[in-house]
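Structure, as structure tokens:
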Amino acid sequence: MHFGEPFTIIFPVNRLSQFEKLVEQLVEAPFARLFKPRLHPADLAKALARAMEQGAVATADGRVLVPSRYTVRLHPADVAVLHRQSDLAAEISAAERYLTLLVRETGGTTTAPVRVKIVEDDSVAVGQMAIATEQLSPPDADGSDTKQFQPALPPANRWRLHLPAGTVSLGMPIVRIGRDPANDVVLTHPTVSRHHAQLRWQNGVYFVENLSRRQPLGLNFAAVENPTPLKAGDSLQLGQVTLRIEIVP
């Protein structure tokens, strides 16, 4: 884990799925009051998703196990604010529901129910956070701990997005595309909106959705009106910029 690493990718929300409603619930009060304006509250959800992905491992039978324990480290002053302004148990419960749904949507499994705790750590700067994860190894048939785990990439990491200036490897549960530097994929062309499109991993594929209220989003030169599944060879049109989807073996 990289303690103190900033997470600054913003979560603009358009049509809310169950997944995104949980994100919204998780990052509204009290986190909005706690971090504003130093850290966007949706960074907590993004950081949890990234910690889950980074902690994924594979078993010999092909399953992808993700961490079931998440420790959110905050400066003591921020923990004190949380205790004053919120029901901390309710906030932790919302985080656990969010992660449980994220595990299901990305096709992963856990060896135990997801649990989140918030602890004080004065090495973390005020207004920032650090997340540590724990992977509980399942026992082998003889009762000993398994030794067959190897680092693994979720299936989403087989997907590539070809840009005019290069290729981007995907893999995150949510990928934001737009002109704003805070997006996961930044396109600087003036015809691209600041927050133009979202790719969301669900049921083994990426779905694309238009986040822009002013600019259309094209899929194979047809307008995207609702979240739509993608496949290899599809092209996306954001303003005058065309992107292409590839899935590597």
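The values are calculated or read from the model by the stated rules, or taken from the named source; none is laboratory data. Remember, predicted model here, so these are calculated numbers, not experimental data. Here the Cβ is made from the backbone with ideal geometry for all residues, glycine too, and neighbour counts use every protein chain on show. Heads up: the accessible areas ignore ligands, DNA and RNA and are worked out on the full protein's heavy atoms, side chains in. Shrake-Rupley method; radii C 1.70, N 1.55, O 1.52, S 1.80 Å.
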The range 155-200, subset β-branched (V, I, T) and under 17 Å from the mean Cα position of the chain (by Cα), residue most open to solvent (accessible area, probe 1.4 Å): V186
Restricting the range 201-219 to residues that are closer than 22 Å to S169 by Cβ and open to solvent by 20 Å² or more (accessible area, probe 1.4 Å), the residue that is modelled with the lowest pLDDT: N203
Those residues of the range 187-200 which are part of a strand (DSSP E or B) and at pLDDT 90 or above, in sequence order: A197, Q198, L199
Pair list, Cβ < 6 Å and 6+ apart or interchain, from the range 177-206 residues that are in contact (Cβ under 8 Å) with a residue 60 or more places away in the chain and over 16 Å from A165 (Cβ atoms) to residues that are of a type in the set (G, A, S) and not in a loop (DSSP other than H, G, I, E, B): H195/G178; W201/A156
Name the pairs: first residue in the range 230-249 and over 18 Å from N203 (Cα atoms) and without any contact (Cβ under 8 Å) to a residue 40 or more places away in the chain, second residue of a type in the set (D, E) and not in a loop (DSSP other than H, G, I, E, B), Cβ to Cβ under 8 Å, at least 6 apart or on different chains? G233/E246
If we ask which residues in the range 165-186 are part of a loop (DSSP other than H, G, I, E, B), closer than 25 Å to P155 by Cβ and among the hydrophobic types (A, V, I, L, M, F, W, C), their number turns out to be 2
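Matching residues to (1) open to solvent by less than 10 Å² (accessible area, probe 1.4 Å); (2) part of a helix (DSSP H, G or I); (3) at pLDDT 55 or above:
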{"residue": "I10", "(1), (2), (3)": "no, no, no"}
{"residue": "A47", "(1), (2), (3)": "yes, yes, yes"}
{"residue": "A60", "(1), (2), (3)": "no, no, yes"}
{"residue": "A77", "(1), (2), (3)": "no, yes, yes"}
{"residue": "A90", "(1), (2), (3)": "no, yes, yes"}
Here is a check on your reading of the model: is Q237 among the polar types (S, T, N, Q) and closer than 30 Å to Q135 by Cβ? no
Can you pull out the residues in the range 92-120 that are part of a helix (DSSP H, G or I) and in contact with a helix residue (DSSP H, G or I) (Cβ under 8 Å, 6 or more places away or on another chain)? A94, A95, R97, Y98, L99, L101, L102, V103, E105
Looking at the range 191-231, which of its residues are touching a Ser or Thr at 6+ places or on another chain (Cβ under 9 Å) and acidic (D, E)? E209
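Find the residue count for the range 220-246, including only residues that are of a type in the set (V, I, T), open to solvent by 10 Å² or more (accessible area, probe 1.4 Å) and under 14 Å from I177 (Cα atoms). Write out each step before concluding.
We begin by selecting, within the range 220-246, every residue of a type in the set (V, I, T); these are 224, 228, 241-242, 245.
Cutting the leftovers down to open to solvent by 10 Å² or more (accessible area, probe 1.4 Å) gives us 224, 228, 241-242.
Subsequent filtering for residues that are under 14 Å from I177 (Cα atoms) retains 241-242.
So the answer is 2.
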